[in-house]
Amino acid sequence: VSCPYHRCRVEVLEEIHVWAAPMKAMAQFVCVLSTLMLIVSCLLICFNPRDEIEMELLKTGVMTTEDVEAIRRCRDVTKRSSTIDVEKLDTMKEQQKKSKFGSRKRTSRVSPTN
């Protein structure tokens, strides 16, 4: 190891290592912090309940508070249930059978083109 450049090269590498070690620690800290933030964000997504569509539209400015109140009043008035009244359907079928014109379904007819 008689070359004078070898000693200089070792000292330069030691100086670079002195500067790079804190950068490595900082990069590791940022990676750990980012991973922690990702985990906490996923936990918050599962914890917080989803807003109603009216509230989301109100927050974005698409709707006004009067619109939201009107929708809620309509929802309270109707109080529709998700069950189907079979008796009502049977009476509607009977009325359609008695109707002069039958079913009120629209059919589209396609004419052949030449």
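Within the range 1-14, restricting attention to residues that are in a loop (DSSP other than H, G, I, E, B) and not aliphatic (A, V, I, L, M), the residue that is modelled with the lowest pLDDT is S2. Restricting the search to helices (runs of 4 or more DSSP H) fully inside the range 15-114 and requiring at least 1 residues that are modelled with pLDDT of 80 or more and of a type outside the set (V, I, T) gives 53-60, 65-78. Looking across the range 54-72, the residues that are surrounded by 11 or more Cβ atoms within 10 Å (Cβ to Cβ) and under 16 Å from the mean Cα position of the chain (by Cα) come down to E54, M55, E56, L57. Condition (residue is closer than 30 Å to R75 by Cβ, open to solvent by 70 Å² or more (accessible area, probe 1.4 Å) and not polar (S, T, N, Q)) applied to the range 29-43: is it met by at least one residue? Scanning the range 29-43 turns up no residue that is closer than 30 Å to R75 by Cβ, open to solvent by 70 Å² or more (accessible area, probe 1.4 Å) and not polar (S, T, N, Q).
The values are calculated or read from the model by the stated rules, or taken from the named source; none is laboratory data. Since this is a predicted model, take the numbers as computed values, not measurements. Ideal geometry is used to build each Cβ from the backbone, glycine not excepted, and the neighbour counts take in all protein chains shown. To get the accessible areas, we keep the full protein, side chains included, count just its heavy atoms, and leave off ligands, DNA and RNA. Shrake-Rupley method; radii C 1.70, N 1.55, O 1.52, S 1.80 Å.
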